[in-house]
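**Q** Before I ask anything, let me first share the structure, which is written out below as structure tokens.
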Amino acid sequence: MATKKIEKIASPKPAHFVGDGFRVHNFIPGVQGMDMKRMDPFIMLDYNSKFHFNGTDQPRGVGVHPHRGFETVTIAYKGKVQHHDSAGGGGIIGEGDVQWMTAAKGVLHKEYHEKEWAKEGGIFQMVQLWVNLPSVYKMSCPKYQAIKNSDMTKVDLGENGSIEVIAGEYQNQKGPAFTFSPVHMMNAKLKNGGKAAFSFPENFNTAALVIEGSIIVNDEEKTPLNHLVLFQNEGEDFTIEAAEDSIVLIISGMPLNEPIFPHGPFVMNSREEIMQAFEDFNLGRFGYLAD
């Protein structure tokens with residue numbers, strides 16, 4: 001199989017706050033050459049690199065807001081996140097856990113630091129991805145998946161480390177997340193000098209984000225902490241070697257190749273559908289959620 005070469009290594013853009021609880025670097029669509037169409041089905045990637053929050057009695061976060069047409073995937077690396085939505089989904093995402101919320105036809109939700117964690121404060125680190133839904137599922141019923149770290153498929157690589165599979169598969173071992181289109185999502189936890197090989201179809205849009213440590217890709221390109229590797233859509237295979245103990249988030253998904261029409265918290269296929277989303281939201285059709 002041909003090697004999947006690097007298209008670019010993206011450094012983190014200056015951080016900004018989402019609400020008062022998430023200090024993020026936006027890679028998708030904020031980095032040049034990584035817009036929604038290029039990264040389809042991944043239409044947003046916000047990365048909260050390690051940041052210390054002081055303790056507070058009033059948990060920081062983002063108040064009630066709507067979504068329609070896609071899924072939000074929150075991966076907690078440090079700290080704890082709490083979530084509630086108008087479809088009845090909710091819970092606490094602890095370190096290593098994942099929350100996978102399918103907004104579909106519409107939900108209101110809020111997300112914030114878990115109350116007890118917020119009182120103590122500490123280092124907070126997370127990733128939030130938006131995964132687009134195929135048009136046929138955009139108006140389906142909302143869905144919520146709380147994926148504990150203990151439920152993730154762990155592929156033991158021996159002295160090299162391990163792979164935690166969230167969605168899709170690695171070495172024919174499948175992750176627990178249900179997806180509406182082919183999506184692979186996993187954490188490579190590699191020991192210093194540890195190496196892992198990956199293979200995804202060449203048309204799948206594929207990237208790797210260095211969460212901890214630093215890595216060497218395809219035996220040549222060193223990628224430092226908090227940087228993202230974007231792969232070309234040619235070839236299938238690539239390798240990652242840890243230059244020190246490292247954690248790397250790997251994402252790869254089949255492009256939907258459908259029109260993408262985003263507006264704020266809604267991502268649909270046409271302007272008319274966006275207008276309908278605003279009308280439905282204003283008429284209360286997304287349900288009710290106390291702020």
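**Q** What number comes out for the charge environment of Phe17, summing +1 per Lys or Arg and -1 per Asp or Glu over other residues with Cβ under 12 Å away? Working shown, then result.
**A** Values: positive: Arg23, Arg60; negative: Asp20, Asp46.
Within the 12 Å Cβ shell, the charges total 0.
**Q** Using a 1.4 angstrom probe, figure out how much accessible area the chain has per residue, in square angstrom, rounded to the nearest whole. The partial results should precede the final answer.
**A** Numbers: 12340 Å² over 291 residues.
It amounts to 42 Å² per residue over the chain.
**Q** How big is the gap, in Å, between the Cα center of the stretch 214-291 and the Cα center of the stretch 2-47?
**A** That distance is 7 Å.
**Q** Can you find, among Tyr170, Leu190, Trp130, the residue farthest towards the positive end of the dipole of the stretch 127-227? Put +1 on the C-beta of Lys and Arg, -1 on that of Asp and Glu.
**A** Trp130
**Q** Step through the residues of the stretch 73-89 one at a time and calculate ³J(HN,Hα) from phi using the Karplus curve (6.51 cos²θ - 1.76 cosθ + 1.60, θ = phi - 60°), rounding each to whole Hz and writing x for Gly and Pro.
**A** With coefficients 6.51, -1.76 and 1.60, one gets 10, 10, 10, 9, 9, 9, x, 10, 10, 10, 9, 9, 9, 6, 9, x, x Hz.
**Q** Under the rule of at least 5 residues apart or a separate chain, name every residue whose amide H is placed under 5 Å from the amide H of Ile28.
**A** Under 5 Å from the amide H of Ile28: Leu45.
**Q** Also: Over the stretch 1-95, what is the mean sequence separation of C-alpha contacts under 8 Å (at least six apart), divided by residue count, expressed as relative contact order in percent? All intermediate terms of the calculation are to be shown ahead of the outcome.
**A** Numbers: 101 pairs, mean separation 17.9, N = 95.
Worked out over the stretch 1-95, it gives 19 percent.
**Q** Then there's this: So what is the relative contact order of the stretch 136-291, in percent, for Cα pairs below 8 Å that sit 6 or more residues apart? Don't skip to the end; give the middle numbers.
**A** On the way: 309 pairs, mean separation 30.6, N = 156.
Contact order relative to length: 20 percent.
**Q** For Leu228, Leu157, what's the largest-to-smallest order of accessible area, 1.4 Å probe? The partial results should precede the final answer.
**A** Working: Leu228 0, Leu157 30 Å².
Final ranking, largest accessible area leading: Leu157, Leu228.
**Q** Using θ = phi - 60° and the Karplus relation 6.51 cos²θ - 1.76 cosθ + 1.60, list the HN-Hα couplings for the stretch 4-21 in order, rounded to whole Hz, with x at every Gly or Pro.
**A** Going residue by residue, I get 8, 7, 7, 8, 6, 10, 9, 7, x, 6, x, 6, 9, 8, 9, x, 10, x Hz, with x marking Gly and Pro.
**Q** Here's a follow-up. Determine the dipole magnitude for the stretch 142-291: charges of +1 sit on the beta-carbon of Lys and Arg, -1 on that of Asp and Glu, nothing else is charged, the reference point is the Cα centre, and the result goes in debye to the nearest 20. Please list the in-between numbers first.
**A** Working: 10 positive and 22 negative charges, 96 e Å.
Charge dipole of the stretch 142-291: 460 debye, to the nearest 20.
**Q** Here's another thing I want to ask about it. With +1 on the Cβ of every Lys and Arg and -1 on the Cβ of every Asp and Glu, and nothing else charged, how large is the dipole of the chain about its Cα centre, in debye rounded to the nearest 20? All intermediate terms of the calculation are to be shown ahead of the outcome.
**A** Working: 27 positive and 36 negative charges, 94 e Å.
The calculated dipole for the chain is roughly 440 debye.
**Q** Farthest toward the dipole's positive end in the chain, which of Phe231, Trp100, Gln82, given Cβ charges of +1 (Lys, Arg) and -1 (Asp, Glu) about the Cα centre?
**A** It is Gln82, whose Cα lies furthest towards the positive end.
**Q** Let me ask another. Could you work out the relative contact order of the chain, using alpha carbon pairs under 8 angstrom and six or more residues apart, expressed as a whole percent?
**A** Values: 809 pairs, mean separation 61.4, N = 291.
With pairs under 8 Å counted, the relative contact order is 21 percent.
**Q** Here is a further query. Which whole-Hz couplings ³J(HN,Hα) result when phi for each residue of the stretch 258-265 is put into the Karplus expression 6.51 cos²θ - 1.76 cosθ + 1.60, θ = phi - 60°, listed in order with x for Gly and Pro?
**A** 10, x, 10, 10, x, 8, x, x
**Q** If you don't mind, there's one more thing I want to ask. For helix 271-282, report the angle its Cα long axis makes with the longest principal axis of the Cα atoms of the chain; keep it between 0 and 90° and round to the nearest 10°.
**A** That works out to roughly 60 degrees.
**Q** Sticking with this one: Using a 1.4 Å probe on the protein heavy atoms, what percent of the accessible area of the chain belongs to carbon and sulfur?
**A** Working: 6020 of 12340 Å².
In the chain, the share of accessible area belonging to carbon and sulfur is 49 percent.
**Q** For a quick check: with amide H placed at 1.01 Å from N, whose amide H comes under 5 Å from Gly213's, ignoring anything fewer than 5 positions away on the same chain?
**A** HN-HN under 5 Å from Gly213: Ile247.
**Q** Using the Cβ atoms and a cut-off under 13 Å, what net charge is assigned to the surroundings of Ile92, where Lys and Arg are +1 and Asp and Glu are -1? Present the calculation step by step, with values, prior to reporting the outcome.
**A** Details: positive: Lys80, Lys115, Lys148; negative: Glu95, Asp97, Glu111, Glu114, Glu116.
That sum, taken over residues with Cβ under 13 Å, equals -2.
**Q** Given the pairs Lys4/Lys37; Lys13/Lys78; Lys5/Lys222; Lys13/Lys105; Lys115/Lys154; Lys13/Lys50, which are separated by over 24 angstrom at their Cα positions? Intermediate values should be presented prior to the final figure.
**A** On the way: Lys4/Lys37 20 Å; Lys13/Lys78 21 Å; Lys5/Lys222 13 Å; Lys13/Lys105 32 Å; Lys115/Lys154 30 Å; Lys13/Lys50 14 Å.
With Cα atoms farther than 24 Å apart: Lys13/Lys105; Lys115/Lys154.
**Q** Indicate the gyration tensor shape class of the stretch 19-164 (rounded, prolate or oblate), computed on the Cα atoms with a ≥ b ≥ c the square roots of the eigenvalues: a/c under 1.5 is rounded; otherwise a/b larger than b/c is prolate and the rest oblate. Write out the running numbers ahead of the final one.
**A** Numbers: a/c = 1.39, a/b = 1.13, b/c = 1.23.
Rounded, because the longest to shortest axis ratio a/c is under 1.5.
**Q** Amide H of Tyr77: which non-local residues (sequence gap of 5 or more, or other chain) have their own amide H closer than 5 Å, using H built in the peptide plane?
**A** Gly96, Gln125, Met126, Val127
The values are calculated or read from the model by the stated rules, or taken from the named source; none is laboratory data. Remember, it's a predicted structure, so these values are computed and weren't measured experimentally. A quick note on method: Cβ atoms are made from the backbone with ideal geometry, for glycine too, and the neighbour counts reach across all protein chains shown. Accessible surface areas use protein heavy atoms only, side chains included; no ligands, DNA or RNA. Shrake-Rupley method; radii C 1.70, N 1.55, O 1.52, S 1.80 Å.
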